[in-house]
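As structure tokens, the structure follows; a few thoughts come after it.
The values are calculated or read from the model by the stated rules, or taken from the named source; none is laboratory data. All figures in this text were calculated on a predicted structure; none of them were measured in a lab. Note: ideal-geometry Cβ built from the backbone for every residue, glycine included; neighbour counts use all protein chains shown. Side chains are part of the model used for accessible areas, which takes the heavy atoms of the whole protein and leaves out ligands, DNA and RNA. Shrake-Rupley method; radii C 1.70, N 1.55, O 1.52, S 1.80 Å.
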Amino acid sequence: MPLSSRHLLGLDGIPSDDIKLILDTATSFREVLERPIKKVPSLQGKTVVNLFFENSTRTRISFELAERRLSADPVNMSADASSVRKGETLKDTARNIEMMKIDMVVMRHAAAGAAHYLSQVVRANVINAGDGAHEHPTQALLDMYTIREKLGTLQDVNICIVGDIAHSRVALSNIYGLRAMGAKVSVCGPRTLIPAEIDRLGVRVHYDLDEAMAGADVLNVLRIQLERQDRCFLPTLREYSQAYGVTPERLARAKRPIVVMHPGPINRGVEISADVADGEHSLILQQVLNGVAVRMSVLYLLGTAN
Amino acid sequence: MNIKARIIDEPGFERMLRRLAHEILERNKGSETIAIVGIVTRGEIIARRLAKMIQDIEHRELQIGFLDITLYRDDLRDNLKQPILRGTDISFDVTGKNIVLVDDVLYTGRTVRAALDEIVDLGRPATIQLAVVADRGHREFPIKADFVGKNIPTSPDEEVRVLVKEIDGEDAVLLVEREGGKA
């Protein structure tokens with residue numbers, strides 16, 4: 001039973017069977033990652049291009065490790081080193097890569113819809129590694145895998161996404177994926193960072209973190225993008241931290257077991273305190289480990305389907 | 001399923017497994033150094049049965065694991081139906097062990113080739129031995145079983161089916177006509 005699509009562009013509208021297949025398959029790859037030789041020959045002879053038009057260390061390394069551990073051959077291309085600087089269009093870049101006989105493209109791009117466009121102009125399988133403020137499906141899948149691993153299920157689990165919802169592709173992909181799997185999703189943040197009509201996606205909206213935490217099993221804390229500070233979405237970082245920073249005191253006040261996740265990289269002392277990030281409630285490092293397994297699962301399922 | 005012959009029935013199946021258990025013990029001078037590894041799905045069931053018989057004979061706990069060779073298959077890229085991963089579960093160190101690999105039917109030898117590669121990635125066993133319920137011939141690789149339940153000469157348009165109670169409701173080995181498809 002293969003995936004219903006040749007590409008992974010986003011989780012909007014994806015059948016829950018596809019999500020389940022990816023998560024179940026990732027369990028097998030978690031086992032592979034525990035072996036002395038952390039490598040299987042499944043994608044031998046396949047070439048994967050990692051096309052990163054936006055800076056990323058973590059996601060790119062996670063994808064590259066996943067590719068190598070499936071015995072695929074990765075080729076990396078980043079924006080500052082490429083012909084994009086010289087004014088080449090995405091279509092021409094894609095066409096050129098295509099002529100070099102590649103099988104899959106993993107792409108991050110600043111424009112929403114870039115992966116979708118690419119999937120229409122190349123024959124290779126396309127995996128979206130983040131397109132603007134639109135989607136980042138593999139991050140959401142690894143978040144879901146981590147929650148399921150910890151709590152045993154996603155059905156009826158209460159997940160609150162905290163922070164800059166308006167500019168977050170992680171938040172959007174999580175909302176689509178979690179809703180498809182029957183989880184209950186809420187978002188929490190200052191009014192300037194919560195998009196209007198987000199409730200139409202079937203999520204509850206909180207502006208008060210303590211109130212949001214009173215009903216949550218999981219907090220998914222988003223990074224406050226310091227580079228966006230000059231656009232005045234927040235009065236000061238200190239004020240944000242006081243209103244929305246996840247601290248041990250807040251977790252204690254919530255009077256229920258809450259686990260904390262973060263897609264990284266974390267700003268210690270801004271959206272999450274160091275004690276929480278390193279503490280017993282944190283699943284942050286588990287997310288990093290699961291990220292490789294989940295990306296192996298996606299690459300394997302797309303790369304071996306006909 | 002068009003059955004041409006019922007080659008082993010239920011009591012015969014039990015006696016055959018019991019003989020295999022004794023042969024494995026005889027070859028390895030007891031169960032001290034051996035570990036049983038079944039290839040999922042039917043090899044896993046047969047491995048569990050063999051392990052239980054060996055434990056009952058030797059009164060000693062036996063290490064047992066299961067191998068899903070899907071990731072090591074050589075037909076992954078041109079297989080039309082994507083197989084579901086069931087996962088490998090071998091929680092002991094294979095290094096230095098005499099591994100008894102268990103499967104239901106030995107045919108081309110490609111599954112066993114994949115299993116050998118996967119086990120070698122997990123460590124360095126002292127030996128790997130192969131036990132199968134049925135050997136139907138038509139090898140494509142130089143692979144030979146150490147312990148065979150029943151040698152069944154077949155033509156390419158026949159198939160050997162090993163049925164087990166846990167999945168099929170009965171224990172039996174059947175010779176059947178191949179359904180459609182290529183030989």
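How far is the Cα center of the range B:137-183 from the Cα center of the range B:15-83, in Å?
First find each Cα centre; the distance between them is then 17 Å.
What is the magnitude of the charge dipole of the range B:127-167 about its Cα centre, with +1 placed on the Cβ of each Lys and Arg, -1 on the Cβ of each Asp and Glu, and no other charges, expressed in debye to the nearest 20?
Dipole of the range B:127-167, to the nearest 20 debye: 140 debye.
If the only charges are +1 at each Lys and Arg Cβ and -1 at each Asp and Glu Cβ, what is the size of the charge dipole of the range A:147-306 around the Cα centre, to the nearest 20 debye?
320 debye
Tell me the GluC sites (Glu not before Pro) within the range A:22-58 that lie in a loop according to DSSP and have at most 14 other beta-carbon atoms within 10 Å.
Passing sites in the range A:22-58 are A:GLU34.
Holding the Cα-Cα limit at 26 Å, pick out from B:LYS97/B:LYS144; A:LYS39/B:LYS29; A:LYS38/B:LYS52; A:LYS39/B:LYS81; A:LYS91/B:LYS81 the pairs that are longer than that.
Beyond 26 Å: A:LYS39/B:LYS29; A:LYS38/B:LYS52; A:LYS91/B:LYS81.
For chain A, modelled as a Gaussian network with Cα springs under 10 Å, which listed residue fluctuates most, A:GLY132, A:GLY202, A:GLY87?
Among A:GLY132, A:GLY202, A:GLY87, the largest GNM mean-square fluctuation belongs to A:GLY87.
At q = 0.13, 0.18, 0.20 Å⁻¹, what is the base-10 log of I(q)/I(0) for the range A:62-206 according to the Debye formula with one equal point scatterer per Cα and no solvent? Please give it to two decimals.
For the range A:62-206, the Cα-only Debye profile gives -0.70, -1.07, -1.18.
Please sort by residue number the trypsin sites (Lys or Arg not before Pro) in the range A:213-302 whose DSSP state is loop and whose Cβ has at most 10 other Cβ atoms within 10 Å.
Listed in order of number, the matching sites are A:LYS255.
FRET efficiency for A:ARG256 and A:ASP24, Cβ-Cβ distance as r, R0 = 22 Å, nearest 0.05?
0.15
When only Cα pairs under 8 Å and 6 or more residues apart are kept, what is the percent relative contact order across chain A?
It rounds to 21 percent for chain A.
Given 37 °C and 0.692 mPa s, compute D for the range B:130-183 with the Stokes-Einstein relation, Rh being the Kirkwood radius over Cα pairs; round to the nearest whole µm²/s.
Calculated translational D: 264 µm²/s.
Please give the calculated 222 nm ellipticity per residue for chain A, where each DSSP H segment of at least 4 residues contributes -39500 (n - 2.57) and the sum is spread over every residue; nearest 500 deg cm²/dmol?
Details: 11 runs with 118 residues, N = 306.
Per the formula, -11500 deg cm²/dmol.
Could you pull out the longest piece of chain B with no exposed loop GluC sites (Glu not before Pro) in it, calling a site exposed if DSSP puts it outside H, G, I, E, B and it has at most 13 other Cβ atoms within 10 Å?
For GluC sites (Glu not before Pro) (loop position, at most 13 other Cβ atoms within 10 Å), the longest site-free span of chain B is B:62-139.
Could you give the spread of the C-alpha atoms of chain A along their three principal axes, from largest to smallest, in whole angstroms?
Sorted largest first, the three principal extents are 56, 43, 35 Å.
How large are Rg and Dmax for the range B:53-97 when calculated on the C-alpha trace, in angstrom?
15.7, 46
When ligands, DNA and RNA are left out and all protein chains stay put, how many square angstrom of accessible area per residue does chain A have with a 1.4 Å probe?
43 Å²
State to the nearest 20 debye the size of the charge dipole of chain A about its Cα centre, where the only charges are +1 on K and R beta carbons and -1 on D and E beta carbons. Don't jump to the answer; show the numbers that get you there.
On the way: 36 positive and 35 negative charges, 113 e Å.
Dipole of chain A, to the nearest 20 debye: 540 debye.
When the expected Rg is taken as 2.2 N^0.38 Å, what fraction or multiple of it is the alpha-carbon Rg of the range A:3-50?
In units of the 2.2 N^0.38 Å rule of thumb, it is 1.40.
Angle check, please: helix A:16-33 long axis (alpha carbons) against the longest principal axis of chain A (alpha carbons), in degrees 0 to 90, nearest 10.
On a 0 to 90 degree scale, this one is about 80.
Scan the range A:168-246 for chymotrypsin sites (Phe, Trp or Tyr not before Pro) in coil per DSSP, keeping those whose Cβ has at most 16 other Cβ atoms within 10 Å, and list them by number. Can you show the working numbers first?
On the way: sites: A:TYR176, A:TYR207, A:PHE233, A:TYR240, A:TYR244; in loops: A:TYR207, A:PHE233.
For chymotrypsin sites (Phe, Trp or Tyr not before Pro) across the range A:168-246 that sit outside H, G, I, E and B with at most 16 neighbouring Cβ atoms in 10 Å, the list reads A:TYR207.
Are there any residues in the range B:117-132 with a reduction of at least 30 Å² in accessible surface when going from the isolated chain to the assembly of protein chains? Probe 1.4 Å, please list them by number.
B:ASP121, B:LEU122
Two decimals, Cα atoms only, Kirkwood Rh: what is Rg/Rh over chain B?
0.95
Between A:LYS86 and A:ASP73, what length in nm is gained on full extension when 0.36 nm per residue of separation is reduced by their alpha carbon distance? List each step's numbers first, then the result.
Numbers: separation 13, 0.36 × 13 = 4.68 nm, distance 2.67 nm.
Separation in residues times 0.36 nm, less the Cα-Cα distance, equals 2.0 nm.
Give the separation of the Cα centroids, the range B:92-123 to the range A:180-242, in Å.
51 Å
Once R0 is set to 35 Å, what does the formula 1/(1 + (r/R0)^6) return for the Cβ-Cβ distance between A:ARG191 and A:ARG6, expressed as a FRET efficiency to the nearest 0.05?
On the way: r = 40 Å, r/R0 = 1.15.
Rounded to the nearest 0.05, the efficiency is 0.30.
Round to a whole angstrom and tell me the spacing of the C-alpha centers of the range A:47-109 and the range A:115-162.
If we compute the Cα centre of each part, the gap is 19 Å.
So how much accessible surface do B and A hide from each other in total, probe 1.4 Å, in square angstrom to the nearest 100? Write down the numbers at each step before the final one.
Working: alone 9880 and 13960 Å², together 22150 Å².
Looking at B and A, the buried total is near 1700 Å².
How far is helix A:169-180 tilted off the main Cα axis of chain A, in degrees rounded to 10, range 0 to 90?
Approximately 90 degrees, to the nearest ten.
Cα axis of helix A:90-99 to longest principal axis of chain A: angle in degrees, 0 to 90, nearest 10?
Once rounded, the angle reads 40 degrees.
Which sequence of A:THR47, B:THR95 reflects their accessible areas, 1.4 Å probe, from the largest down?
B:THR95, A:THR47
Over chain B, calculate the relative contact order: mean separation of alpha carbon pairs under 8 Å at least 6 apart, over the residue count, as a percent. Can you show the working numbers first?
Numbers: 344 pairs, mean separation 47.4, N = 183.
Result for chain B is 26 percent.
State the percentage of accessible surface on the protein assembly as shown attributable to carbon and sulfur atoms; use a 1.4 Å probe and exclude ligands, DNA and RNA.
49 percent
Shielding of A:34-40 by partners, i.e. mean partner chain Cβ atoms within 10 Å per residue?
4
Given labels modelled 7 Å from the Cα in the Cβ direction, how far is it in nm from B:GLU166 to A:ASP17?
In this crude spin-label approximation the distance works out to 2.7 nm.
Which is farthest toward the positive dipole end of chain A among A:VAL49, A:PHE63, A:ILE266, measuring Cα position about the Cα centre, with Cβ charges +1 (Lys, Arg) and -1 (Asp, Glu)?
Projecting each Cα onto the dipole axis, the largest value belongs to A:VAL49.
Let me know the longest stretch in chain B that avoids all trypsin sites (Lys or Arg not before Pro) found in a DSSP loop with at most 13 other C-beta atoms within 10 Å.
B:82-143
In a Debye calculation with equal point scatterers on the alpha-carbon sites of the range A:152-258 and no solvent, what is log10 I(q)/I(0) at q = 0.11, 0.13, 0.15 Å⁻¹?
Here log10 of I(q) over I(0) equals -0.32, -0.45, -0.60.
For chain B, what does the helix formula give at 222 nm: sum of -39500 (n - 2.57) over DSSP H segments with n ≥ 4, over the residue count, nearest 500 deg cm²/dmol?
-9000 deg cm²/dmol
Can you give the extra length, in nm with one decimal, that the chain gains between A:LEU237 and A:GLU280 once fully stretched, where that is 0.36 nm per residue apart less the Cα-Cα distance?
12.9 nm
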